[in-house]
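Engineer: This structure is in structure tokens; I'll ask about it shortly.
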Amino acid sequence: MAIASDLPLAHPGSRTIQADAGRSGRTLAAAIETGRQRVVVTALVFGMAFAGIGTGLVRLMAFADTGEGAPVAMVGSASDRADLRDRNGLILATTLPSMSLYADPKLVIDPIEASLKLSKVLPDLKQDKLLADLSSDRRFVWLKRGLTPAQQYEINRLGIPGLAFQNEERRYYPSGGLTSHVVGFTNIDAQGIAGLEKSLDDRLRNGESVALSIDLRLQEMVRNELQATIAKFKATAGNVIIMDVKTGEILSMVSLPDFNPYEPTAASDDALFNRNTLGVYEMGSTFKIFNTALALESGTSTLQTTYEQSPIRIGRFTIRNFRAEPQSGRWSVYEIFRQSMNTGSVHMFEAAGLQRQKEFLARLGLTTPSPLELPEVGAPMVPQPWTQVSGMTIAYGHGMAVTPVQLVSAVAAVVNGGTLHPPTLFKHDPSRPVPGTRVMSPELSRIMRALMRVVVVSGTATKAEVPGYFVGAKTGSANKAVRGGYNRKAGVTDFVGIFPAYDPKYIVMTMLEDAQAIEGTYGYNTAGWNAAPLGGRIIARMGPMMGVEPKDPNDPAILDALAVTPGGRSAPQVAAVPEEEEG
């Protein structure tokens with residue numbers, strides 16, 4: 001079928017339709033663009049409005065006068081507070097993000113319902129106070145600071161109007177009460193209140209992290225051993241110090257009872273009391289270490305010098321030896337120290353003289369407060385006036401009271417070759433020299449080490465022996481001083497041990513308060529039965545931890561180093577003293 005060639009190929013009006021369509025498309029595009037611009041402008045307007053509202057709220061909360069100061073603005077910045085770490089880098093105190101809960105009571109619709117709901121999530125808050133806070137006329141009130149994530153989640157689920165959260169930061173103590181007396185604590189605004197947190201407050205606020213001398217491994221072991229011993233002997237309290245005798249670094253310092261650094265206000269005064277640095281005690285026979293060193297240094301006594309052991313009468317008082325025998329006869333300085341005789345110690349002091357005693361004890365740092373970095377440091381109780389009678393009683397550890405940290409520092413100087421190093425809680429930088437002052441000759445120091453070894457071999461500290469470690473020690477037992485005399489039913493027992501005695505590295509002091517005689521101690525509650533065994537267990541456990549290798553007990557070089565007299569390998573052969581007989 002043929003198609004006529006004159007039929008139109010398009011409608012006569014098609015070009016007009018196409019032109020109209022083009023104009024319509026341009027109009028639609030322009031409309032869309034205009035709408036987009038209006039949306040952008042509207043969004044900007046709303047954004048600026050919300051920004052203004054937000055700024056106003058911040059100003060209201062942070063700077064407005066609400067009658068409560070500036071609740072959001074904290075004194076100092078917790079985020080700048082640096083860490084405290086142990087000598088191996090383990091964190092003892094650090095700062096982490098935290099969340100706190102506050103309320104605008106004006107926006108709380110039903111304070112009663114809100115307080116009931118909140119008290120279920122935060123049971124430590126008192127409901128009556130919570131209700132009072134939520135019903136007040138104030139515009140801002142803190143409800144709980146330092147929330148856990150779980151607490152924040154549960155509070156959010158309650159959906160209570162008028163409650164809000166504030167981002168903050170909080171001080172955390174991963175070891176808890178284990179280092180509470182050393183590290184201390186801060187308040188809610190990150191200000192140091194006690195311990196190193198207080199004494200190092202400025203350094204920590206400036207972001208300076210501090211490495212301590214404390215070894216957290218030792219700290220935990222010591223606390224466990226001390227706690228078990230306190231329970232075993234029904235003691236009321238106890239404390240332990242471990243020190244490096246060559247640097248003065250304190251590796252462990254435990255005082256029980258201790259406290260939770262997160263809730264220091266809930267702790268008793270007894271728990272907050274650091275017995276190692278604040279406690280001032282008459283140390284009993286451990287002071288005979290100093291009296292014997294004084295006598296030998298002065299030249300008024302030698303190890304072979306003998307003194308009468310009969311009771312000494314001073315007015316209405318009589319000085320006797322602890323043990324029933326000997327109460328008469330002449331005994332050597334060596335035996336006086338080994339058997340811890342009071343009367344012989346008094347005669348040794350009398351030969352040396354009062355002025356020498358004063359100077360010697362002052363030289364060892366026993367008459368002035370310890371320079372330790374903690375703010376909680378007690379002052380020694382020195383007799384005023386310091387009379388001849390005072391000197392006689394000080395000779396066997398009475399009439400003068402010092403802190404345990406003072407005793408440890410002084411004994412360390414006696415055994416380390418004769419240098420007094422200030423005690424420190426800071427880790428020593430091996431690139432720097434150790435500060436110290438020579439207080440006695442190396443030879444006198446060697447003799448005192450040998451005498452202390454004898455006390456463990458055949459004296460009052462036999463229960464502190466640890467095979468291969470050559471422990472040297474001295475024990476002491478004393479009644480607590482009270483007005484007008486002493487409480488015969490209350491006392492302290494203490495032990496000071498060094499190891500290895502031929503070249504001491506560490507000194508361990510243990511102390512118990514009001515320890516009781518138990519089955520197996522034959523009615524005795526003296527240091528040889530409680531503080532000395534505790535010291536031995538601590539040494540046995542810490543030796544391997546600190547890399548101290550046990551040695552052959554028959555090593556000739558070691559026996560020469562521990563000879564009581566030059567050129568002789570062994571001490572005089574004497575019978576062992578029963579452990580309960582000590583001064």
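The values are calculated or read from the model by the stated rules, or taken from the named source; none is laboratory data. Everything numeric in this text was worked out from a predicted model, so none of it was measured. Cβ: placed from backbone, ideal geometry, glycine included. Neighbour counts: every protein chain shown. Surface accessibility is based on the protein's heavy atoms, side chains included, excluding ligands, DNA and RNA. Shrake-Rupley method; radii C 1.70, N 1.55, O 1.52, S 1.80 Å.
Engineer: Mind listing whichever residues of the range 193-215 are open to solvent by 10 Å² or more (accessible area, probe 1.4 Å) and on the phi > 0 side of the Ramachandran plot?
Structural biologist: Gly207
Engineer: Residues in the range 354-379 that are touching a residue at least 24 places away in the same chain (Cβ under 8 Å), open to solvent by 10 Å² or more (accessible area, probe 1.4 Å) and part of a helix (DSSP H, G or I): how many?
Structural biologist: Residues in the range 354-379 being touching a residue at least 24 places away in the same chain (Cβ under 8 Å), open to solvent by 10 Å² or more (accessible area, probe 1.4 Å) and part of a helix (DSSP H, G or I): 4 in total.
Engineer: Right, something else. What is the one condition in (1) surrounded by fewer than 19 Cβ atoms within 10 Å (Cβ to Cβ); (2) part of a helix (DSSP H, G or I); (3) hydroxyl-bearing (Ser, Thr, Tyr) that Ser345 does not satisfy?
Structural biologist: (1)
Engineer: Restricting the range 82-124 to residues that are modelled with pLDDT under 90 and of a type in the set (A, V, I, L, M), which is surrounded by the fewest Cβ atoms within 10 Å (Cβ to Cβ)?
Structural biologist: Leu96
Engineer: Residues that are at pLDDT 95 or above and under 27 Å from the mean Cα position of the chain (by Cα): list the helices (runs of 4 or more DSSP H) wholly contained in the range 128-230 that include at least 1 such residues.
Structural biologist: Result: 180-183, 195-199, 201-205.
Engineer: Just one of Val382, Val408 is crowded, with 18+ Cβ neighbours inside 10 Å and without any contact (Cβ under 8 Å) to a residue 24 or more places away in the chain; which is it? Show your work before the answer.
Structural biologist: Numbers: Val408 fails: without any contact (Cβ under 8 Å) to a residue 24 or more places away in the chain.
So the residue among Val382, Val408 that is crowded, with 18+ Cβ neighbours inside 10 Å and without any contact (Cβ under 8 Å) to a residue 24 or more places away in the chain is Val382.
Engineer: Any residue at all in the range 429-440 that is surrounded by fewer than 21 Cβ atoms within 10 Å (Cβ to Cβ) and more than 28 Å from the chain's Cα centre (by Cα)? Write out each step before concluding.
Structural biologist: In the first step, residues of the range 429-440 are kept if they are surrounded by fewer than 21 Cβ atoms within 10 Å (Cβ to Cβ); the result is 429-439.
Checking the rest, the ones that are also more than 28 Å from the chain's Cα centre (by Cα) come to 438-439.
Scanning the range 429-440 turns up at least one residue that is surrounded by fewer than 21 Cβ atoms within 10 Å (Cβ to Cβ) and more than 28 Å from the chain's Cα centre (by Cα).
Engineer: Does the range 383-416 hold any residues that are on the phi > 0 side of the Ramachandran plot and under 28 Å from the mean Cα position of the chain (by Cα), and which are they?
Structural biologist: Here is the first cut: in the range 383-416, the residues on the phi > 0 side of the Ramachandran plot are 397, 399.
Within the range 383-416, Gly397 is the sole residue that qualifies.
Engineer: Assigned to a loop (DSSP other than H, G, I, E, B) and either within 28 Å of Lys480 (Cβ to Cβ) or free of Cβ contacts under 8 Å to residues at least 24 places away in the same chain (or both): does that describe Ser301? Step through it out loud before you land on a result.
Structural biologist: Details: assigned to a loop (DSSP other than H, G, I, E, B): yes; either within 28 Å of Lys480 (Cβ to Cβ) or free of Cβ contacts under 8 Å to residues at least 24 places away in the same chain (or both): no.
Considered against the rule, which asks whether it is assigned to a loop (DSSP other than H, G, I, E, B) and either within 28 Å of Lys480 (Cβ to Cβ) or free of Cβ contacts under 8 Å to residues at least 24 places away in the same chain (or both), Ser301 comes out as no.
Engineer: Residue under question is Ala351, and the condition is that it be assigned to a helix (DSSP H, G or I), in contact (Cβ under 8 Å) with a residue 60 or more places away in the chain, out of contact with any Cys (no Cβ under 7 Å at 6 or more places or on another chain) and aliphatic (A, V, I, L, M); does it hold?
Structural biologist: Working: assigned to a helix (DSSP H, G or I): yes; in contact (Cβ under 8 Å) with a residue 60 or more places away in the chain: no; out of contact with any Cys (no Cβ under 7 Å at 6 or more places or on another chain): yes; aliphatic (A, V, I, L, M): yes.
No.
One line per residue, one yes/no per condition, for (1) under 24 Å from His398 (Cα atoms); (2) touching a strand residue (DSSP E or B) at 6+ places or on another chain (Cβ under 9 Å); (3) crowded, with 24+ Cβ neighbours inside 10 Å:
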| position | (1), (2), (3) |
| --- | --- |
| Met253 | no, yes, yes |
| Tyr262 | no, yes, no |
| Ala267 | no, no, no |
| Ala271 | no, yes, no |
| Asn276 | yes, yes, yes |
| Val280 | yes, yes, no |
| Met283 | yes, yes, yes |
| Asn291 | yes, no, yes |
| Thr300 | yes, no, no |
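Engineer: Here's another thing I want to ask about it. Confirm whether Leu163 is surrounded by 21 or more Cβ atoms within 10 Å (Cβ to Cβ), touching a residue at least 60 places away in the same chain (Cβ under 8 Å) and farther than 16 Å from Pro257 by Cα. Write out each step before concluding.
Structural biologist: On the way: surrounded by 21 or more Cβ atoms within 10 Å (Cβ to Cβ): no; touching a residue at least 60 places away in the same chain (Cβ under 8 Å): yes; farther than 16 Å from Pro257 by Cα: yes.
For Leu163, the condition - surrounded by 21 or more Cβ atoms within 10 Å (Cβ to Cβ), touching a residue at least 60 places away in the same chain (Cβ under 8 Å) and farther than 16 Å from Pro257 by Cα - is not met.
Engineer: Taking the conditions exactly as written (more than 21 Å from Asp86 (Cβ to Cβ), of a type in the set (Lys, Arg) and free of Cβ contacts under 8 Å to residues at least 12 places away in the same chain), does Arg157 satisfy them or not? Give the derivation first.
Structural biologist: Values: more than 21 Å from Asp86 (Cβ to Cβ): yes; of a type in the set (Lys, Arg): yes; free of Cβ contacts under 8 Å to residues at least 12 places away in the same chain: yes.
Considered against the rule, which asks whether it is more than 21 Å from Asp86 (Cβ to Cβ), of a type in the set (Lys, Arg) and free of Cβ contacts under 8 Å to residues at least 12 places away in the same chain, Arg157 comes out as yes.
Engineer: Which residue out of Gly418, Gly436, Gly397, Gly468 is of a type outside the set (A, V, I, L, M, F, W, C) and closer than 20 Å to Asn321 by Cβ?
Structural biologist: Gly397
Engineer: With respect to Ala190, determine if the residue is buried (at least 16 other Cβ atoms within 10 Å of the Cβ), of a type in the set (Gly, Ala, Ser), in contact (Cβ under 8 Å) with a residue 60 or more places away in the chain and farther than 30 Å from Ala515 by Cβ.
Structural biologist: Values: buried (at least 16 other Cβ atoms within 10 Å of the Cβ): yes; of a type in the set (Gly, Ala, Ser): yes; in contact (Cβ under 8 Å) with a residue 60 or more places away in the chain: yes; farther than 30 Å from Ala515 by Cβ: yes.
Yes, satisfied.
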